[in-house]
Amino acid sequence: PVTISGLTASNKVYDTTTAATLTGTSEIAGGLLGSDTATLSGAATAGTFASANAGNAIAVTANLSSLSLSNANYYVAGVTSPLTANITPAPVTIGGLTASNKVYDTTTTATLVGTNTVAGLLSADTATVSGSATATFATADAGSAIAVAVNVSGLVLSNANYYVAGVTSPLSANITPAPVTISG
């Protein structure tokens, strides 16, 4: 048996699969006896994560079946050093929210109404959302269809393979002028 070095497993975004991509140039790292020599041909570009779920330093098994040695006295047994890579959570968006109109009050505070729904889940994955989002108008002044920015940092998903990247559709609402009374 000989071992191979020079390969690195690439990080990826969660995609429901254990497929891994390998980069680098394979080279014989150890195992040749005495003055024996061998050349290595082929390329190892694929591997398998130990888990499809998001996480750090997940073990990756290299697929070395496409590699061959010029010396039939040896075979490729594996990699010299274990391979690992990260799977980062995939983004999803939140829908089902609308911004409420309000009367001018000198602030940019906006109120959201509706039920949070998760959009962008892959395959048969499911997730529920808890917590609350906050929102602010782009301006405190009265106007129509004023953009409303949503802060989603207070939302938590039940599926750690995902994170909330934002809202599905941009929100806007109206700020109507505040009434004043005249005396005298």
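The values are calculated or read from the model by the stated rules, or taken from the named source; none is laboratory data. On a predicted model such as this, the values are computed, not experimentally measured, just so you know. Cβ: placed from backbone, ideal geometry, glycine included. Neighbour counts: every protein chain shown. What goes into the accessible areas is simple: the full protein's heavy atoms, side chains included, and nothing from ligands, DNA or RNA. Shrake-Rupley method; radii C 1.70, N 1.55, O 1.52, S 1.80 Å.
Mean-square fluctuations from a GNM of the chain, with a 10 angstrom spring cutoff on Cα atoms, peak among Val152, Val113, Val13 at Val113.
This structure gives Cα Rg over 2.2 N^0.38 Å, computed directly, and of [x] 0.98; [y] 1.74; [z] 1.38 that value is listed as [y]. Sequence-distant contacts, meaning Cα pairs under 8 Å at least 6 residues apart, place the relative contact order of the chain at 20 percent. The modelled label-to-label distance between Thr88 and Asn151, using points 7 Å beyond Cα along the C-beta direction, is 2.3 nm. For the pair Thr39 and Asn63 in one chain, pulling the backbone fully straight at 0.36 nm per residue adds 6.8 nm over the alpha carbon distance. So what is the relative contact order of the range 17-106, in percent, for Cα pairs below 8 Å that sit 6 or more residues apart? The normalised contact order for the range 17-106 reaches 26 percent.
Shown is the FRET efficiency for Ala140 and Ile182, computed with R0 = 22 Å from the Cβ-Cβ distance and rounded to the nearest 0.05: 0.40. Dimensions of the range 98-150 along the principal axes, based on C-alpha atoms and rounded to the nearest Å, stand at 45, 19, 13, largest first.
Hey, in the GNM for the chain with a 10 angstrom Cα cutoff, which one of Ser26, Ser144, Ser153 fluctuates hardest? Looking only at Ser26, Ser144, Ser153, the biggest GNM fluctuation is shown by Ser144.
Taking θ as phi - 60° and the Karplus parameters 6.51, -1.76 and 1.60, the scalar couplings of the range 92-102 work out to 10, 10, 10, x, x, 10, 9, 8, 7, 5, 8 Hz in sequence order, x denoting glycine and proline. In the range 50-184, the portion of solvent-accessible area held by carbon and sulfur atoms comes to 54 percent [1.4 Å probe, whole percent, DNA, RNA and ligands not counted].
R0 = 30 Å: FRET efficiency of Thr18 with Thr117, Cβ-based, nearest 0.05? That pair, Thr18 with Thr117, gives E of 0.55. Accessible surface calculations at 1.4 Å, restricted to protein heavy atoms, place the chain at 56 Å² per residue.
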